[in-house]
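Please treat every number below as a calculation from the coordinates, not as lab data. Keep in mind that this is a model prediction, so the values were computed, not measured. As a convention, Cβ positions derive from the backbone with ideal geometry for all residues, glycine included, and neighbour counts pool all protein chains shown.
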Amino acid sequence: MIERHWKRKRLAILMAALCAAIFVFGTRLRAAADDFPIYFPDSRIVVKSEALNRTTYLPIVDIIQNLGLPYTDALALETITIRSGASRLVATRNRALISINDQIVLLQNPILRESNRWLVPIEFLTQGLTRLTGTPFRYRAGAPRIFAGDVRAPELVMNAQDLGPVTRLTIRTGVPVNLDVQHDDQNNRAIVRIDQAPVDPLRERIDQKDRLVNSIVFDDTDGEPKIVLETTDEAGEIRVTPSDGNQLFFVDVLRRAAQITEAAPPANVPAPRIDAPSPERRVRVIVIDPGHGGMDSGTTGPAAAEKDLTLTMARRLRTVLQNQLGATVLLTRDSDIALDNEARSAVANNNQANVFVSLHVGYSANKTDSGASLFIMPDNFGGGAGTGEPPGGMFLPWYLGYRTNRQASSRIAALFQEELTKAVPGWRFPVRKAPLGVLASATMPAIVLEMGNVNNSTNSQTLMDNAFQSRIASALVSAIQRFSEPQTPAAN
Amino acid sequence: MAKRIKAGLIALGIGSAVAFGFFVDVVGRIQSMVNDTETADNPFTPPVEPLYAPTDPPMTVKLFFPPGAGPAGPAAGDVLLTTEDQTIFQSAELANRALQILQKLQEGPASPDMLPALPENTRVEELFISEDGIAIIDFTNTISTNHPGGILNEQATIYSVVNSITYNLPGIQQVKILIGGTEKETLAGHCMLLLPLAMDLSITDVTSPAEPPVQQLLQP
Ligand SMILES: [Zn+2]
């Protein structure tokens, strides 16, 4: 009897301890989270990131504890103070401003405190911890990983091509590596493991969807880099051909039961379809950016929204430029989706475009106004005297990409101005300068063309008019043709 | 009997667990309060009201506004901003002078030939000036949500603020615009707000810096 009584008591005590544990720790388990690796020169940690307000947040205490930095969590003041040597960083709850040695640093997103945890946006590490500790924290926009200090992370470039009976994934690593492919036929999934950690992929995923492959995604959430291919039922064997001293690999997904003699030799460079007068100026790839999209309608008038006008115009330009110039013409968006400016210029940068044109429509409160402007970046945007090297020597901050082609951008703007003025009588196309987000990081001749007044109904109709669009397109064709010609200085 | 003991013990267990959790929470709070002392200096001190003292001398400032519609309107001409002289007071705090200028911008131009630069119901939430001469100005979301859009309008709104502050207050070289307490990529989709912006007179009709603002400020 007594013994049974004790058994019950023990059970109750056990339950009490369990309840206490759930009470104390339970809140931490609540939120769903993603694994987010942080790579140090000779170690790595994987923390749980959380997406709040469409921003990635990291639990800062986990990170600074790993770095061995002392900190003070002052709940009453709603601040957290982190120390490193004689330096001090103070962050305040719900504020995007942090103070480092009493200097104010601005973040893009506020510091949060949720469920008894301090959550910081990524720029807290790249801008805050980097300055506090002197250890650089590097982060590629949109990438779910961070590199700290001089950790060696070779760039990984992935590309995919539909070659009919084969879908070819090309992987370039820049350093010799070994790949190991595991193909799970039953679950339509292949995992390509890379025996080098970490690596720094330029893209997290490839939007490849064809008869053999549904998606190609890079994944290192457990700290082990790998590429995951979701294959279709038609996919069969997967072959890996190493090349270039194991720095370049062709991963070929073959069609099931297809009689393929041998995978095509890994040389598939599309030949340029126009004759290039000078290698520097030949225009093979043109990227056209229809401004705004999705939730961002741009400016709106009684008859139309800017985002729709720009998309219609961009599609029209694509057809004409493709037919008349023989160039590859890509749009940054071909549907009603939102993109930030960096993503738009990234389309041009990643596809090695030779010309980048972003289309916009203007607004004037005066319904009878109409007009147009061409925009290039101001000379001195981002600091410096406007000439000479950008700050940082070899390293060009992303927002200074425009400096690589400042003169060429001015030249193409002048040619656009001449041809457009001829094509649309009565309209002026002044070349203006503005610090435009879509141009800042574009590393090729790049301009913004803003046309018309969305508040002017006849103007909106003109922009939608086929004949008008053709005139604009022909003007751009002439301008780009003239741009491609070798420049003969002052000799006619 | 045995059932009742069991229920009682379970209730006791849950009760003590709740009490224990509460205790841990309270201890945590007290601990963090004890540690508060060294972080008591808040680095984010906003300027204090009133913005100027009755004894502060007046000073003339050039405010930048978009020219009105018509032949000189923004769509036709190349001038995005023109100026109007107004009077503020030379308060001791630089931040208070900046706030006075922003207040005048919010009120809009006195001249009927100019247009307001800030969208309706736009207020300044906070303003700080950093040691390296950057004014950090946090506007309400309305600067973005009530903005009509278009590159020229956006450029006019931004540089009306940047030029009005930097032209008249030589202690401020750059302006960093925040919206709704956070950094935004752009105001209406075009002009980049990620970096602090410096004065740009090329889009204005203020041609020569013939009257250096420093001297204007030093006038008795
Ligand atoms: Zn636009």
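Distance between the 7 Å Cα→Cβ label points at A:Asn214 and A:Thr232: 1.2 nm. Full extension of the chain between A:Val181 and A:Glu418 gives 79.8 nm of extra length, using 0.36 nm per residue less the Cα-Cα distance.
A simple rule links phi to the HN-Hα coupling: the Karplus curve 6.51 cos²θ - 1.76 cosθ + 1.60 with θ = phi - 60°, which for region A:289-301 gives 10, x, x, 6, x, x, 4, 8, 7, x, 7, 10, x Hz, with x for Gly and Pro.
Counting neighbouring Cβ atoms within 10 Å and putting the fewest first, the residues B:Ser160, A:Ser243 line up as A:Ser243, B:Ser160.
Can you tell me how much longer the chain between A:Asp35 and A:Thr221 gets when fully stretched, taken as 0.36 nm per residue apart minus their C-alpha distance, in nm with one decimal? Could you put the intermediate results ahead of the total?
Working: separation 186, 0.36 × 186 = 66.96 nm, distance 0.52 nm.
Once the chain is fully extended between A:Asp35 and A:Thr221, it gains 66.4 nm.
Provide the net charge surrounding B:Leu178, with neighbours chosen by a C-beta distance below 10 Å and charges set as Lys +1, Arg +1, Asp -1, Glu -1. Cβ neighbours under 10 Å give a net charge of -2. Amide H contacts of B:Thr82: B:Phe65, each under 5 Å away and 5 or more positions distant or on a separate chain (H built 1.01 Å from N in the peptide plane; Pro and chain starts excluded). Legend: distances between Cα atoms for B:Lys104/B:Lys176; B:Lys62/B:Lys104; A:Lys48/A:Lys226; A:Lys307/A:Lys367; B:Lys104/B:Lys184; B:Lys62/B:Lys176; pairs beyond 22 Å are B:Lys104/B:Lys184. Shape call for region A:155-262 from the C-alpha gyration tensor, a ≥ b ≥ c root eigenvalues: rounded (a/c under 1.5), prolate (a/b greater than b/c) or oblate? It comes out prolate by the Cα gyration axes.
Mean partner shielding of peptide A:295-308, defined as the number of other chain Cβ atoms within 10 Å of each residue Cβ, is 2. For B:Glu131 and B:Asp205, the FRET efficiency from 1/(1 + (r/R0)^6), where r spans their Cβ atoms and R0 equals 25 Å, is about 0.15. Working from label points 7 Å from Cα in the Cα-to-Cβ sense, the A:Arg315 to A:Arg93 distance is 5.0 nm. When A:Asp180, A:Asp207 are arranged by Cβ crowding within 10 Å, least crowded first, meaning fewest neighbours, the order is A:Asp207, A:Asp180.
Note down the Stokes-Einstein diffusion coefficient of region B:55-199 in µm²/s, whole number, using a Kirkwood radius over alpha carbon pairs, 20 °C, and 1.002 mPa s.
D = 140 µm²/s.
Positive contributions from Lys and Arg (+1) and negative ones from Asp and Glu (-1), summed over other residues with Cβ under 12 Å from the Cβ of B:Thr140, come out at -3. Quick one: net charge of A:Gln469's neighbours, Cβ under 12 Å, K/R +1, D/E -1? In short, +3.
Assigning unit charges at the beta carbon (Lys, Arg +1; Asp, Glu -1) and nothing else, what dipole magnitude in debye, to the nearest 20, does region B:47-197 show about its Cα centre?
160 debye
Among A:Val228, A:Val61, a tally of other beta-carbon atoms within 10 Å of each Cβ gives an order, fewest to most, of A:Val228, A:Val61. For the pair B:Gln106 and B:Gln173, a Förster radius of 25 Å applied to the C-beta separation gives a FRET efficiency near 0.65, rounded to the nearest 0.05.
Note on B:Asn146 and B:Glu93: their simple-model spin labels are 2.5 nm apart, each label 7 Å out from Cα toward Cβ.
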